[in-house]
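Student: First the structure, which I've put down as structure tokens, then a few questions once you've had a look.
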Amino acid sequence: MFAIQNGREFKLSIAEILAVFPGIKIVSVSKWVTIFDGVSEETLMEKALKIGGTIKIMKIREVFEKDAKIPEIIRDYFEGKTGKIDYGINTFPEKPELKKILIDTKKILQANSISSRFVNKDFRNITSVQITHEKLIRKETDLNFIFDSENVYFATSIFVQDIEWYGKRDFDKERSMQTGMLPPKLAQIMLNLAGWKAIYDPFVWLGTVLIEAALAGSKKVFWSDLSKEMVITSSRNLDWLRGDFSHKIIEQNSKYISEIDFIKEVDSIVTEGYLWEVMTQKNISLERIDAQKKKLRDLYIWFFSGLQRLQFKWNIVISFPFWEMNKKYFYFEEVYEIVNKFCIVQELLPKNLEFGNQEKAKEREVWEYHSFIEVSKAGSLLYKRDNQLVGREIFKLKIK
């Protein structure tokens, strides 16, 4: 068995892992961690760098009853090891008694003549940067204890996201504060939800989707944008990769997508639709939001009707904006009617999961899953950073 530490938008993390590994069986699931079986470590590690919603991957070593003593489990795990051991302890969910667990573990290791040092700062779960800096993956000493209503799963981390590399991809390319900047992690998630080989992004912006597709091994990337500036900028950003892939770019209004000649070479569309103008706390208002909706509505009628005329049969993963004002979300409800007219909304999280323990599923897990992991009424999942006023509503579609 293995587990992933879900990203902040945990529903997207779970949807992505199910899309990348469709044959897995879910054993237990929570906001923090998804435990699963039915995939090899080799396959997991082969695809790990291409998964955006997974903070780290853990290998389950043992399963204990929920009241098992963590310091004793760690003592037994370290038994026979020589030299000073650097380690970290993480609990999911993060428990307030982690400080006591860390201190008690240190005492029991000392009592058994095991030289050790825990690297947890401020008695909290350790970060990806700490794991990498302390080389805990190689040492097999990033120790994780995952709790559900019945068991505690003991796991060691075998992979952690390279935050510095994500930052380089995000901040080293040309950026614009006047347009939405799609995070590389979210671009990876959207690509994985689509399934793809030859990708087309009709609202290219800064080229983030194409960069992530190329890094993941796509040999064909196509893109277009109404803005000449974005065409030039995204081209320069893709040149930054110097990858071995073919590409084609045109300056094109996506309202007229049916006129694009290379569309027959495409096997999926992955794109962030226009977020339109940037809003701030000082200028956001219902009137401005409604004005943006009206502009976007006409665009998407043309866009989806054009794809219907082309009889485009592949997956479309697209994000639409939603807005937060006074701690309330305002959705682009006008686009729902358009989507339902031209598209079939595909489920991002399956209603019927196959659980590893079917008896347990009947009693507990299915209820737990459906009690908090559901798509929106429109069939979407949401992505939003805490400090942003505009979020992204993710849909997976097929043209009718």
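The values are calculated or read from the model by the stated rules, or taken from the named source; none is laboratory data. Being a predicted model, the structure only gives us computed values, none of them experimental. Glycine also receives a Cβ, built like all others from the backbone with ideal geometry; neighbour counts cover every protein chain displayed.
Student: If only one of Ile131, Ile103 is modelled with pLDDT of 95 or more and either over 25 Å from the mean Cα position of the chain (by Cα) or of a type in the set (Ser, Thr, Tyr) (or both), which one is it?
Tutor: Of Ile131, Ile103, the one residue that is modelled with pLDDT of 95 or more and either over 25 Å from the mean Cα position of the chain (by Cα) or of a type in the set (Ser, Thr, Tyr) (or both) is Ile103.
Student: For segment 308-320, state whether one or more residues are among the charged types (D, E, K, R) and in contact (Cβ under 8 Å) with a residue 60 or more places away in the chain.
Tutor: Yes, that holds for at least one residue.
Student: Could you please give the count of residues in segment 205-229 that are touching a helix residue (DSSP H, G or I) at 6+ places or on another chain (Cβ under 6 Å), within 18 Å of Leu49 (Cβ to Cβ) and surrounded by fewer than 24 Cβ atoms within 10 Å (Cβ to Cβ)?
Tutor: Number of matching residues: 1.
Student: Report, ordered by the first and then the second residue, all pairs with beta carbons closer than 6 Å, sequence separation of six or more or different chains, a first member in segment 67-86 that is in the same structural domain as Asn151 (by TED's automatic domain parsing), and a second member that is surrounded by 15 or more Cβ atoms within 10 Å (Cβ to Cβ) and of a type in the set (S, T, N, Q).
Tutor: Pro71/Thr105; Ile74/Thr105; Ile85/Ser116
Student: In segment 359-377, which residue that is within 22 Å of Phe304 (Cβ to Cβ) and either buried (at least 17 other Cβ atoms within 10 Å of the Cβ) or under 18 Å from the mean Cα position of the chain (by Cα) (or both) is modelled with the highest pLDDT?
Tutor: Top of the filtered list is Ser376.
Student: Tell me whether segment 202-211 contains one or more residues that are within 19 Å of the chain's Cα centre (by Cα), in a loop (DSSP other than H, G, I, E, B) and more than 16 Å from Lys255 (Cα to Cα).
Tutor: Looking through segment 202-211, at least one residue is within 19 Å of the chain's Cα centre (by Cα), in a loop (DSSP other than H, G, I, E, B) and more than 16 Å from Lys255 (Cα to Cα).
Student: Turning to a different aspect of this structure: Before we move on, is Glu272 acidic (Asp, Glu), free of Cβ contacts under 8 Å to residues at least 40 places away in the same chain and either on the phi < 0 side of the Ramachandran plot or surrounded by 13 or more Cβ atoms within 10 Å (Cβ to Cβ) (or both)?
Tutor: no
Student: Looking at Lys168, Lys185, Lys173, which one is modelled with pLDDT under 80 and in contact with a Phe, Trp or Tyr (Cβ under 7 Å, 6 or more places away or on another chain)?
Tutor: Criteria check complete, one pass: Lys173.
Student: Would you kindly identify the strands (runs of 3 or more DSSP E) lying entirely within segment 217-286 that contain at least 3 residues that are β-branched (Val, Ile, Thr), within 24 Å of Val390 (Cα to Cα) and in the same structural domain as Gln311 (by TED's automatic domain parsing)?
Tutor: Correct list: 268-272.
Student: Let me ask something additional. Answer yes or no: is there a residue in segment 161-171 that is part of a loop (DSSP other than H, G, I, E, B) and among the small types (Gly, Ala, Ser).
Tutor: Checked segment 161-171: no residue is part of a loop (DSSP other than H, G, I, E, B) and among the small types (Gly, Ala, Ser).
Student: Oh, and also: Return yes or no: is Thr271 polar (S, T, N, Q) and within 21 Å of Leu381 (Cα to Cα)?
Tutor: Taking the combined requirement at face value, the residue satisfies it.
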